[in-house]
1. For the stretch 3-21, enumerate the residues that are over 16 Å from Ser72 (Cα atoms) and more than 12 Å from the chain's Cα centre (by Cα).
2. Taking the stretch 1-52, which residues are assigned to a helix (DSSP H, G or I) and exposed (fewer than 14 other Cβ atoms within 10 Å of the Cβ)?
3. Looking only at the stretch 53-63, count every residue that is farther than 11 Å from Asn5 by Cβ and in contact with a strand residue (DSSP E or B) (Cβ under 8 Å, 6 or more places away or on another chain) and tell me the total.
4. Which one of the conditions (1) basic (Lys, Arg); (2) at pLDDT below 95; (3) under 9 Å from the mean Cα position of the chain (by Cα) does Arg74 fail to meet, given that it meets all the rest?
5. Could you list, ordered by first residue, the pairs with Cβ atoms under 6 Å in which the first is in the stretch 33-58 and charged (D, E, K, R) and the second is surrounded by 15 or more Cβ atoms within 10 Å (Cβ to Cβ), at least 6 apart or interchain?
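The values are calculated or read from the model by the stated rules, or taken from the named source; none is laboratory data. Values in this document were obtained by computation on a predicted structure and should not be read as measured data. For neighbour counting, all protein chains shown are included, and Cβ atoms are generated from backbone atoms with ideal geometry for every residue, glycine included.
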Amino acid sequence: VLLQNVPRIAVAEDVERFLSGCEYEASSISFMLRQSLPDSIKWATVRFPSQTQAMDAFIRKNRGFCLNNQVSVRVLQ
């Protein structure tokens, strides 16, 4: 799963809090920072045990908030 618009100051614990109630592999959380103008964009990727659980996270968490930023959730194939 790709989490877009994660706050730049977010750490793994913030992503864990955002995904609370979902089954995912906590050790798989990784961050990417894309340099762009005017602001950099931070993304996070998280692995789920199954596509069904990933879709459940999408349904429950898409457009939710992490540290006052609205986060978009995308399920990657």
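1. From the stretch 3-21, those over 16 Å from Ser72 (Cα atoms) are 9, 11-13, 21; that's our starting set.
Answer for the stretch 3-21, where residues must be over 16 Å from Ser72 (Cα atoms) and more than 12 Å from the chain's Cα centre (by Cα): Ile9, Gly21.
2. The initial filter retains those residues of the stretch 1-52 that are assigned to a helix (DSSP H, G or I), namely 12-18, 51-52.
Scanning the stretch 1-52 gives Glu13, Arg17, Gln51, Thr52.
3. At the first step, the residues of the stretch 53-63 found to be farther than 11 Å from Asn5 by Cβ are 53-62.
Filter once more, keeping what is in contact with a strand residue (DSSP E or B) (Cβ under 8 Å, 6 or more places away or on another chain): 57-58, 61-62.
Within the stretch 53-63, residues that are farther than 11 Å from Asn5 by Cβ and in contact with a strand residue (DSSP E or B) (Cβ under 8 Å, 6 or more places away or on another chain) number 4.
4. Status for Arg74: all satisfied but (2).
5. Every condition considered, the pairs that remain are Lys42/Val6.
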